[in-house]
Amino acid sequence: MALRLLSKPGFKCTASPFVANYHDYVRCASPGGAMRIPLASPKVIGVANSRGNRGHQEDFYSFATLSLNPEELRISVKKAHAIDWDPSKVGDLYARQVVFVGIYDGHGGSAVSQYLRQELHGLFESVDKSMIPELYTWITKEVGGYFKRYRGGPMTPWIHGVENTSEMDLEARAALAFYEVDKNLSSDPVAQNCGATASLILLHTLDSPAAPFFSAKKTALTVAHCGDTRVLLCSTNGGRVFTMTENHHADSRVESARLRKMMGSALITDSFGESRWMGALANTRSLGDLKYKRFGVTPEPEVRTKLLEGSEWAYIVAVSDGVSSMLSDDEVVDLARGCKDPKTAADRILSFAQELGGGDNATAIVVPLAGWGHITGPDKTKDLREYRLQEAAGSERLRRM
């Protein structure tokens, strides 16, 4: 039995026992048996991370291969894609595999984002539906305020007990894990004013025999998202962007409707013209920020799914707002085109954002798919990027004069 310690800077040390089955490689079938491919290889997942001009780093990331209940995955695939996936055809070892990639952007300090980097993948794997009734009581009674009227969201089937209930799907698991983070942090004063956004990429390949996500013919993609980190899909057909996330700001379509319905209006525009919820937070969904939770700031992730077939998609890019505040979605995915490996692509995205003058903490993660290296059509933002670089260089020269 493994023992997890939540001993991050600024947090009290507590412990909870569970069996940790996640690992840092992905298995795939081969004629000679199972192969293990390390996720940390720059050819498997590419990461670029910088603190920019700031004196501290609040951006973090993590990746792992989780071991989840095949029945839960079967239910998820059926619900999201109407596919009757049979886990017995690939065997239990492969059927349980879900590649987890997380990007976390902290605010008010780095404590919560560091906690997520070290703990969220293990927590996501270990949560169980039996935890939901107690968690629901904590949400409605202890958090209160906005959450007094919370009805359970994706966890609704299990809030009054789990006997004779079905397994969760990935949407319910994501909600349970994110709320459990807040519950774990609730006793520590640091998390009252410190928080983080998070986007999780979950890749579950459906091939038989099992293939890794970067060469699979059919992969179920699930994105669990909370805040303004961004997850983008790049198509091999012309390099078109498919956006898997929406920024959770108070003036966004989804969030403005949710908050007006439950809380009225607490949206304040600062002197820079930026909207802030309660006059303090740019994001209305986050982990941590516990003193704002009773006013409608929720950790519940927005979950979106997509079936990735054949070589239709080239790669996934995840970026923090240190990148997305400088670059459009099209520019982000175009910068990764033609790179020899995912690490080079991530470095190129981050470097370009910094060349334009970006000084914030910034992270770019590139995850290759079966269509890597096969994008057709021209680089549609090349001329724009060259112009923007010239403008940035001219502005820098004027500044130094």
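Summing +1 for each Lys or Arg and -1 for each Asp or Glu, what net charge is found among the other residues whose Cβ lies under 9 Å from the Cβ of residue 226?
Counting the neighbours of residue 226, the net charge comes to -1.
What does the net charge come to around residue 244 if you take all other residues with beta carbon closer than 12 Å to its beta carbon, with K and R at +1 and D and E at -1?
Residues close to residue 244 contribute a combined charge of 0.
With N set to the number of residues, divide the alpha-carbon radius of gyration of the chain by 2.2 N^0.38 Å and report two decimals.
With N residues counted in the chain, Rg over 2.2 N^0.38 Å equals 0.98.
How many angstrom separate the Cα center of region 338-401 from the Cα center of region 284-306?
30 Å
Just need the relative contact order of the chain here, percent rounded to a whole number, with Cα pairs under 8 Å and 6+ apart.
Once divided by the residue count of the chain, the mean separation gives 20 percent.
About its Cα centre, how strong a charge dipole does region 303-372 have in debye, to the nearest 20, once Lys and Arg get +1 and Asp and Glu get -1 at the Cβ?
Magnitude of the dipole: close to 240 debye.
With +1 on each Lys and Arg Cβ and -1 on each Asp and Glu Cβ, and nothing else charged, work out how big the dipole of region 91-137 is about its Cα centre, in Debye to the nearest 20.
In debye, rounded to 20, region 91-137 gives about 80.
Could you point to the residue in 242, 113, 314 farthest towards the positive end of the chain's charge dipole, with +1 and -1 charges on the Cβ of Lys/Arg and Asp/Glu respectively?
113
Binning every alpha carbon pair distance of region 160-228 at 10 Å from zero, what are the percents per bin?
For region 160-228, the pair-distance distribution reads 16, 32, 30, 17, 4.
All of the numbers you see were taken from the coordinates with simple rules; none came from a lab. Note that the structure is predicted; figures quoted are calculated from it, not measured. Methodologically, a virtual Cβ is constructed for each residue, glycine included, from the backbone with ideal geometry; neighbour enumeration extends over all protein chains shown.
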